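Okay, so here's the structure we're looking at.
The values are calculated or read from the model by the stated rules, or taken from the named source; none is laboratory data. Here the structure is a predicted model, which is why all the values come from computation and not from measurement. Because the Cβ atoms are built from the backbone with ideal geometry, glycine has one as well, and the counts that use them run over all protein chains shown. For the accessible areas, the whole protein counts, side chains as well, though only heavy atoms, and no ligand, DNA or RNA atoms are used. Shrake-Rupley method; radii C 1.70, N 1.55, O 1.52, S 1.80 Å.
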Amino acid sequence: MLVRVLSSSYLGIEPFLVEVEVDVTNGLPIFNIVGLGDTTISESRDRIRSGIKNMGYLLEPRRIVVNLTPANIKKRGSHFDLPIAIGIMVGMKFLSDYKGILKDYLLMGELSLTGEVRRSDGIISGVLLAKSKGFKGVIIPEENLEEASIIKDIDIIAVKNLRDVVKFIEESIIRSKRIINLDKSFESTLDMWDVKGQIRAKRALEIAAAGGHNIIMIGAPGSGKSMLAKRLTGILPPMSESEIIETTKIYSIAGELSERVPIIINRPFRDPHHTSTTSSIIGGGRTPKPGEISLANNGVLFLDEFTEFDRVVIESLREPLEEKRISITRSLGKMEFPAKLIFIAACNPCFCGNGFDEELCTCTPYEIRRYTKKLSGPIIDRIDLYVEIYRLNDKEILDEDRGDTSQIIRDRVMKARELQNMRFDNNKLNRDMNNNEVEKYCSLNNECEQIIRTAIRNLNLSMRTYHKILKVARTIADLGDSSNIEKHHLLEAINFRKN
């Protein structure tokens with residue numbers, strides 16, 4: 001008997017439909033799975049046998065062949081356990097699909113040896129696929145219910161074990177209540193008010209948050225670079241529903257979700273160690289998975305000790321910082337991962353860290369050049385805000401006035417982003433403006449035009465840098481609720497470039 005059960009898989013983060021064909025016939029007892037499945041899928045045979053048996057069903061010796069279609073695309077994941085098991089149970093007449101449930105629902109879930117249906121990765125991708133293809137719903141593990149529930153207008157059937165699946169297919173008596181909680185209040189224990197002094201760096205972070213700009217902070221050890229960077233998410237606006245779905249989808253495929261964190265509601269903050277490999281930062285592998293740069297999508301990627309990262313890692317950031325996506329090509333095909341993030345880099349000015357103080361610095365000019373050589377022109381050219389951070393003096397350390405709290409700064413950032421939403425009529429930020437939009441929204445008066453001409457000549461600005469200055473100036477004007485870019489907006493933007 002040939003049975004067809006529907007499921008899904010994904011290339012990169014894009015899901016595709018998989019038809020699980022199960023052929024149960026008399027003959028030499030075998031259990032083969034074909035269709036380019038990975039090791040996890042090959043090992044599912046033993047899990048499925050034990051799961052069906054321990055649910056009380058008698059498995060007779062039969063010839064079982066399972067084909068995962070399309071057979072020419074590599075598939076991975078333990079979530080194929082459930083559709084294969086249900087296909088076998090229908091083929092062996094342990095249950096009857098007389099209501100035609102299997103043609104209207106996608107099945108996903110890992111099986112335990114007891115027949116329990118366990119949490120699987122990438123469930124939300126399958127739910128999105130089922131909705132886009134017009135299916136009635138999905139049958140998934142109960143542990144994935146909250147993750148799947150953020151997708152509206154589709155039937156979510158959460159099951160604990162194989163018996164629950166049988167009851168739903170034959171009697172339609174399992175109906176899961178949605179668990180949707182996207183309105184959890186934003187809470188952050190890290191407040192910008194905790195940071196003493198560093199007014200210029202705080203201002204740069206506020207501009208970065210408002211316009212989505214990248215920033216590099218160079219300063220002595222202990223000057224507060226990491227402390228400032230970790231507080232950036234606290235001044236960013238809450239994620240929209242579409243951003244929550246997109247971010248949760250990436251984390252689900254990467255296996256980063258858990259029972260404790262079933263949905264990504266707060267903006268991600270990723271800070272990988274400087275010994276991280278290129279594939280862990282950018283993404284990749286034999287079967288490409290999202291890297292840190294995609295896990296930081298809609299949030300912040302912080303690379304501390306930036307000059308200590310491998311040069312290949314640093315240079316590989318060129319495309320994602322500019323294009324806001326990363327393309328990876330393998331024999332399986334070309335996959336794209338999103339990288340809409342705010343990038344923060346932090347490093348010391350030299351090996352000893354005292355490069356801003358000639359009396360304390362012990363590095364030779366050659367050592368300083370060798371240390372800063374990793375900050376190549378193309379990388380600096382792609383960073384909007386350059387900030388030098390100095391150690392606090394005694395007055396700044398003992399001063400009780402620490403500036404605005406994160407809440408006050410976030411309110412200003414949200415007002416600036418509201419102006420951008422009205423300007424672009426979508427979720428686009430100032431950093432994402434194309435050349436035509438720069439000309440339209442970043443027009444300069446005669447005085448400002450003369451200033452930028454002088455800056456181009458004296459600072460040898462590239463076309464990319466020129467546009468970045470205008471985009472930053474536009475963000476500064478938005479923070480000041482100004483419809484036009486004024487002289488002081490432009491001068492501040494130029495002041496944040498590396499001289």
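Quick notes on this structure:
- Remark: for residue pairs K152/K428; K230/K415; K74/K131; K74/K374, the C-alpha separation exceeds 32 Å in K74/K374.
- In range of the label at I173: residues from region 85-122 whose backbone nitrogen is under 20 Å from the point 7 Å along Cα→Cβ: 90, 94-102, 116-117
- Under-5 Å amide H pairs with G353, H placed in peptide plane, nonlocal only: none
- Extending 7 Å from Cα along the Cβ direction at K133 and again at L113 yields two label points whose distance is 3.3 nm.
- At full extension, R369 and E19 could sit 120.2 nm farther apart than now, given 0.36 nm per residue minus the alpha carbon distance.
- Note on Y366: accessible area approximately 140 square angstrom, rounded to 10, probe 1.4 Å, nucleic acids and ligands left out.
- With 10 Å bins from 0: P(r) over the chain, alpha-carbon pairs, percent: 4, 17, 24, 21, 14, 11, 7, 2, 0
- Computed label-point distance, nm, for sites I199 and N434 using a 7 Å Cα→Cβ extension: 4.1 nm
- Note that region 222-229 has calculated 3J(HN,Hα) couplings of x, 7, x, 4, 5, 4, 5, 4 Hz, one per residue in order, obtained from phi through the Karplus relation 6.51 cos²θ - 1.76 cosθ + 1.60 (θ = phi - 60°); glycine and proline are x.
- Inter-part distance where region 256-290 and region 108-140 are each reduced to a Cα centre, Å: 22 Å
- Between the residues S223, S443, G12, the greatest Cα displacement towards the positive end of the dipole of the chain, with unit charges on the Cβ of Lys, Arg, Asp and Glu, is found for G12.
- Accessible area, probe 1.4 Å, largest first, for residues D164, D401, D411: D401, D411, D164
- In terms of its C-alpha gyration tensor, region 282-423 has an oblate overall shape, because the principal axis ratio a/c (a ≥ b ≥ c, square roots of the eigenvalues) is not below 1.5 and a/b does not outweigh b/c.
- Available extension along the chain between V34 and E256 is 77.1 nm, counting 0.36 nm per residue and deducting the alpha carbon span.
- One chain, two ends: I380 and N72. Fully extended at 0.36 nm per residue, the span grows by 106.6 nm beyond their Cα-Cα distance.
- Accessible surface of the chain [probe 1.4 Å, protein heavy atoms]: carbon and sulfur percent: 48 percent
- For V24, net neighbour charge (Lys/Arg +1, Asp/Glu -1) across residues whose Cβ lies under 15 Å away: +2
- In the frame of its principal axes, region 392-499 has Cα extents of 47, 37, 21 Å, reported largest first.
- On a per residue basis, region 230-299 carries 37 Å² of accessible surface, using protein heavy atoms and a 1.4 Å probe.
- Around the amide H of F16, modelled in the peptide plane, lie the amide H atoms of S9, Y10, L11, all under 5 Å away and 5 or more residues distant in sequence or on another chain.
- Unit charges on C-beta of K, R, D, E only; dipole of region 394-473, Debye: 500 debye
- Under the simplified labelling scheme, the N458-D481 pair shows an inter-label distance of 3.3 nm, with each label point 7 Å from Cα along Cα→Cβ.
- Using a Förster distance of 30 Å, the FRET efficiency for K152-V65 (Cβ separation, nearest 0.05): 0.20
- Each residue of region 396-412 was assigned a 3J(HN,Hα) from its phi angle through the Karplus expression (A = 6.51, B = -1.76, C = 1.60, θ = phi - 60°), giving 5, 5, 8, 5, 7, 7, 10, x, 7, 7, 4, 4, 5, 5, 4, 4, 5 Hz with x at Gly and Pro.
- With θ taken as phi - 60° and the Karplus curve 6.51 cos²θ - 1.76 cosθ + 1.60 applied, the whole-hertz 3J(HN,Hα) list for region 335-348 is 10, 10, 10, x, 8, 7, 9, 9, 9, 10, 10, 9, 7, 8 Hz, x standing for glycine and proline.
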